[in-house]
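The structure under discussion appears below in the form of structure tokens.
The values are calculated or read from the model by the stated rules, or taken from the named source; none is laboratory data. Quick caveat: nothing in here was measured; it's all calculated off a predicted structure. Positions of Cβ are backbone-derived with ideal geometry, glycine not excepted, and every protein chain shown enters the neighbour counts. For accessibility, only protein heavy atoms count, side chains too; no ligands or nucleic acids. Shrake-Rupley method; radii C 1.70, N 1.55, O 1.52, S 1.80 Å.
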Amino acid sequence: MVILIPLLPALAFAALVFFGWQLKERAPYVSIAALAGSFLLSLLAAIEVFQGTTIEVSAAWLPIVAFSFRIDLISAWMLLLVTGVGLMIQIYSIGYMKGDPRFARFFAYLSLFCAAMLGVVLANNLLLLYIFWELVGLGSYLLIGFWFEKPSAAAACKKAFIFTRAGDIGFFLGILLLFLSLGAIDFQTIFSQAHTLSVPLVTAITLLIFCGAIGKSAQFPLHVWLPDAMEGPTPVSALIHAATMVAAGVYMVARLFPLFELAPLTLTIIGYLGIGTALMACLIAVTQTDIKKIMAYSTISQLGFMMLAMGANAPEAGMFHLLTHGFFKALLFLGAGSIIHAVHSNEMSEMGGLAKAMPITFATTMIGALALTGIPPFSGFFSKDEILAAAYHNLPVAFWLAVAAVFLTAFYVFRMIFKIFPGQVKGHPHESPRVMTVPLIILAVFAFGFGFFNPFAGGHHEEAAPLLVFASSLGMATLGIFTAWLLYGAKVVSLAGWHNNFLYKFVANKFYLDEFFIYVFGWTATAVSQGLAIFDQLVIDGIVNLVGRVGWIFAFVNSFFDIYIVDGLVNLLAKISALFGEALRRAQTGLVQNYLLFVVVGIVLVLLIRR
């Protein structure tokens, strides 16, 4: 049963790759049926886990490692999130991708991506985790670059692949260092023996492993790939940003938390890097005009909050927020996709009055926005406040930075709301078909109500949130909404000319981090590559060519000696033999009288010689 959870989508991928062109419009049903099967199996497994059972399956594989899957509380909820949200996104994709010339291929890639992510969740050792981790990277590459005929999409998938691989190098080195230190890579052995390692060694190992999370979960400075990933179809954005790829880094830290717990310095770095990433992403989101880009930076920010929870020694709070975020962010992305499907544009300037034209999309998007902002009783309120409480107790400076991020979160999301839903209708938008709105409604239910049920309540070092945390969180969220209404709803202040402000341009250009990578790393890599090319041409090729010329001269001399000396002697002997042979041949006339003559002459000569 456990093995079938990732295997079913993998089989769907194989079937669609080979037979999708024949299935055509029926192709999605293969992918959806496979993921629905995985969801049901995950639900059955989760029911057993919720009753106190831990499920493990293992099979012999390599001499040092087994092919091992494990389902416990944390992985059970992740399985439900990945399969449940993924299923909603796949159903939604039937309407969104209708008419695409590569319709079947799209669902094949979705199946591959989901299979890889389910493997990450189930893996019970670092080698297996790393294999599926890289398959997730492959799936994201294929999906982000699905419309590869667009240069921007082709560049975005390469950028995502390169930046996540950069983090994965550190992850791989961390796995190697841990294996060399303990001689094991299965989680239970690592957790039972990690205390024997020195603190500096554990710190080095955990920092290297965390590099993988920096890449996958888009933390500073490797976050720059995620906004560009919006070049893929909107369902891909929802899948990557909500419940799968970007959640993998947070999940990995939570899964290995008994190891990270032994490195307090690593946790502190994770916490402050997380809140720093959150603040940076919030500021950039305030300046964006593309609704998908706003959601992208929102995802980066919320991942920062999850990492803050890990750094504040509250992995359960981080995982709780991962679950709630999976629902409300998938809802927001699919809501954005519904809007784009109706107005055929990502730009907010081309939208307006959509509350009247698209009431279901408006209502569900509002639920997602309130959950993201953290307004009670929506789900984001409960998980966000648990993170703030943990930060208040363990990382007080980070707590106040997080409160500022709460204000910015409310401001940027309701800036979007007030710009696209009220006012006069622009163009001729229409509500999306049911195949798109039904998943929105289902996700809206979870985005609203899931916060009342915390599956990790009473977990690791849980501490009650003081009144200050609640008041600060709710107060700043409310202030952010009110400020957005003043500027973009009531428009009491004119923002004309603000876009020309240097500070605004600096933030809108994403702090010029892309340019930094291009000029510092891109140009450096280009210069090094050109230097290596010159070295290769002048030195390596020069040596090879010199050896070739020396070899040619040696071969020429050897050939001369062989032709004129060795072959000359052989040919001379052959010619001498031929001359003797010719002379003897002429003596062989075939006439008996000649032979008798030679005999007589010979006898005469013998007699004369004897005398």
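Overview of results
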item: Heavy-atom accessible area per residue - the stretch 183-280, 1.4 Å, Å²; result: 24 Å²
item: Degrees, to the nearest 10: 151-182 long Cα axis against longest axis of the chain; result: 80 degrees
item: Accessible surface of the chain, 1.4 Å probe, proportion on carbon and sulfur as whole %; result: 72 percent
item: Protection proxy ranking of 36-46, 94-104 - average other beta-carbon atoms within 10 Å, highest first; result: 36-46, 94-104
item: Convex hull per residue volume in Å³, alpha carbons only, for the chain; result: 290 Å³
item: Dipole of the chain [Lys/Arg +1, Asp/Glu -1 at C-beta], most positive-end residue of Ala33, Ala296, Pro315; result: Ala33
item: Added length on full extension, which subtracts the Cα-Cα distance from 0.36 nm per residue, Phe535 to Leu468; result: 17.8 nm
item: Whole-number accessible area per residue in Å² for the stretch 516-601, which is evaluated in the context of all protein chains at 1.4 Å; result: 88 Å²
item: Theoretical gain in end-to-end length, Ala33 to Gln593 [0.36 nm per residue, Cα-Cα removed]; result: 190.8 nm
item: Per-residue SASA entry for Phe561, accessible area with 1.4 Å probe, Å² rounded to 10; result: 110 Å²
item: Listed residues Trp61, Trp133 arranged by accessible area, highest first, probe 1.4 Å; result: Trp61, Trp133
item: Gain in span if fully extended, Glu515 to Phe452, counting 0.36 nm per residue against the direct Cα distance; result: 18.3 nm
item: 0 to 90° range, to nearest 10: angle between helix 199-216 axis and the chain longest Cα axis; result: 90 degrees
item: Estimated dipole of the stretch 403-549 in Debye, rounded to 20 [Cβ of Lys and Arg +1, of Asp and Glu -1, Cα centre]; result: 620 debye
item: Crossing angle, helix 359-373 versus the chain [Cα axis fit, 0-90 degrees, rounded to tens]; result: 90 degrees
item: Residue-normalised accessible area of the stretch 46-138, given per residue in Å² at a 1.4 Å probe; result: 33 Å²
